[in-house]
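*Asks:* Next up is a structure, given as structure tokens.
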Amino acid sequence: MTSQFSKKSEAWSARFSEPVSDLVKRYTASVFFDNRMASVDIQGSLAHAEMLQAQNIISAQDYADIQRGMAQISAEIENGQFEWLLDLEDVHLNIEKRLTELVGDAGKRLHTGRSRNDQVATDIRLYMRIAIDQIVDLIAQFRLALLDLAEKHSDTILPGFTHMQVAQPITFGHHILAYVEMFGRDAERMNDCRRRVNRLPLGAAALAGTTFPIDRLRVAKTLGFDDVCHNSLDAVSDRDFAIEFCAAASLIMTHISRMSEELIIWMSPRVGFIDIADRFCTGSSIMPQKKNPDVPELARGKTGRVNGNLISLLTLMKGQPLAYNKDNQEDKEPLFDTVDTLVDTLRIFADMATGISVKPEAMRAAALQGYATATDLADYLVKKGLPFRDAHEAVALAVRTCVEKNCDLSEMSLLELQSFSSLISDDVFAVLTLEGSVAARDHVGGTAPNQVRAAISRLRQQLTK
Ligand code: ARG
């Protein structure tokens, strides 16, 4: 591993009288992990060089040489031929050094009016822009897969829970749509974060700006940034945009984790509401009967590391005086790990959503236990003129009797039911069915199957336009 990182460098040799130790070299280097920003680093350098040339800071020949050299470097990186050197510390110095090897003085002129401080801030933003677009796209795919699942089960009834106790009957489609809403807000948050990511730090140089007549707006335009960062100190030092991204990522993982928890419970043989396709599960090395929901469990676990990454970045930032400090080099691993974890998780969940099979009979059987239609009976009495609090009391008594007799509300005779309120007549039984209960919640945001179908078509339209 270390042999390819052993060439000597003279990045700033003139100022120093002794070389750093190998341990310090390894400790301070970031090339092992920041070389994933190579292509955006080159993109940023080319935009900078183009501007330098347009402003007559470097010659047209220099710019042409830089373009030629960078094309070769891109190819070398792509074929895996590029030799990343630990001695050259990071992605920026590795590429610049190779450029100089290839094109001579033009390579040495590239860094005019620029510092690694504004360069790295630019690279991170370019990298994050791509990552955010990919994540937003994956969220859309995941939501579409969830919409398909919800559509298949807009009539399937299961108990809705509060406090993990049967509360009221709901449709499975409605339950899934709750997640579609959550992930919709997650995509909004990512896009909102992108607006603040998409500003150009380049031109801030080390911290104070540069003495060269640069044209920052030109570079911003070339690189597709909406604006430039308006204060050079801020431009090189703050990583709030990365923190914001990690916060948005934590929320996505939190939603994924809640869904995972439900999938795990639903798949437990004790509950048996769903099955998850074998390709997302594994067995046990000792217990032959096991089929474990590994993917949801791991996603729930990985939420911890994504939350941890957010805390790492917040902690990294909080003690730093202006402007750039080397601490900021530590922003990359948590950020990259968050991107990797999120991308993999979303990709796998979009696929897994198509591998969830629902067991409507088990859901129905569960909904028939626990007096899920008690609220419907209370609402029925209110519609017959009883004040809600009195209706609540009457039904509570009825449920208590049912508990004693070990039967459901719908299994009591009309006569028995009437002992709790004389307002009850034989139209009550329609209200006590699961279908009657869900169909009655027929308003925007309610669980009625026709509302679920309307919500699905509205969401699908939003997602496919
Ligand atoms: N590798 C460094 C980072 O990630 C690049 C900037 C270094 N700047 C400096 N002044 N040492 O932040």
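*Asks:* Could you please find all residues in the stretch 157-177 being surrounded by 24 or more Cβ atoms within 10 Å (Cβ to Cβ) and not in a helix (DSSP H, G or I)?
*Replies:* ILE157, LEU158, PRO169, ILE170, THR171
*Asks:* Continuing with this model, one more query. Please find, among ILE311, ILE243, the residue that is open to solvent by 50 Å² or more (accessible area, probe 1.4 Å), in a helix (DSSP H, G or I) and aliphatic (A, V, I, L, M). Show your work before the answer.
*Replies:* Numbers: ILE243 fails: open to solvent by 50 Å² or more (accessible area, probe 1.4 Å).
Going through ILE311, ILE243 in turn, the sole match is ILE311.
*Asks:* Among the residues of the stretch 133-153, is there at least one that is farther than 18 Å from THR464 by Cβ, among the charged types (D, E, K, R), in contact with a helix residue (DSSP H, G or I) (Cβ under 7 Å, 6 or more places away or on another chain) and at pLDDT 95 or above?
*Replies:* No, the stretch 133-153 has no match at all.
*Asks:* Restricting attention to the stretch 87-96, report how many residues are aliphatic (A, V, I, L, M) and surrounded by fewer than 22 Cβ atoms within 10 Å (Cβ to Cβ).
*Replies:* Of the residues in the stretch 87-96, the ones aliphatic (A, V, I, L, M) are 88, 91, 93, 95.
Checking the rest, the ones that are also surrounded by fewer than 22 Cβ atoms within 10 Å (Cβ to Cβ) come to 93.
Here the count works out to 1.
*Asks:* Another one. Inspect the stretch 97-118 for any residue being surrounded by fewer than 21 Cβ atoms within 10 Å (Cβ to Cβ) and among the acidic types (Asp, Glu) and give the result as yes or no.
*Replies:* yes
*Asks:* Taking LYS291, is it in contact with a Gly (Cβ under 8 Å, 6 or more places away or on another chain), away from the ligand (no atom under 16 Å from the Cβ) and not hydrophobic (A, V, I, L, M, F, W, C)?
*Replies:* Values: in contact with a Gly (Cβ under 8 Å, 6 or more places away or on another chain): yes; away from the ligand (no atom under 16 Å from the Cβ): yes; not hydrophobic (A, V, I, L, M, F, W, C): yes.
In short, yes.
*Asks:* Let me ask something else about it. Select, from LEU200, LEU207, the only residue that is open to solvent by 20 Å² or more (accessible area, probe 1.4 Å) and touching a residue at least 60 places away in the same chain (Cβ under 8 Å).
*Replies:* On the way: LEU200 fails: open to solvent by 20 Å² or more (accessible area, probe 1.4 Å).
Only one candidate qualifies: LEU207.
*Asks:* List the helices (runs of 4 or more DSSP H) inside the stretch 1-112, counting only whole elements, that have at least 2 residues being within 14 Å of the ligand (Cβ to nearest atom) and at pLDDT 95 or above. Explain how you work it out, then say what you get.
*Replies:* On the way: elements: 22-28, 31-34, 38-54, 60-78, 91-103, 105-109.
Output list reads 22-28, 31-34, 38-54, 91-103.
*Asks:* Let me ask something else. Out of PRO387, PRO360, report the one residue that is modelled with pLDDT of 95 or more and farther than 23 Å from LEU434 by Cα. Can you show your working first?
*Replies:* Working: PRO360 fails: farther than 23 Å from LEU434 by Cα.
It is PRO387.
*Asks:* Mind listing whichever residues of the stretch 425-465 are surrounded by 15 or more Cβ atoms within 10 Å (Cβ to Cβ) and of a type in the set (S, T, N, Q)?
*Replies:* THR433, SER437, THR447, GLN451
*Asks:* Looking at (1) more than 16 Å from the ligand (Cβ to nearest atom); (2) under 13 Å from the mean Cα position of the chain (by Cα), can you tell me which one MET128 breaks?
*Replies:* Only one criterion in (1) more than 16 Å from the ligand (Cβ to nearest atom); (2) under 13 Å from the mean Cα position of the chain (by Cα) is unmet by MET128, namely (1).
The values are calculated or read from the model by the stated rules, or taken from the named source; none is laboratory data. If you're wondering where the values come from, they're calculated on a predicted model, not measured in any experiment. Ideal geometry is used to build each Cβ from the backbone, glycine not excepted, and the neighbour counts take in all protein chains shown. Surface areas here come from the heavy atoms of the whole protein model, side chains and all, with no ligands, DNA or RNA. Shrake-Rupley method; radii C 1.70, N 1.55, O 1.52, S 1.80 Å.
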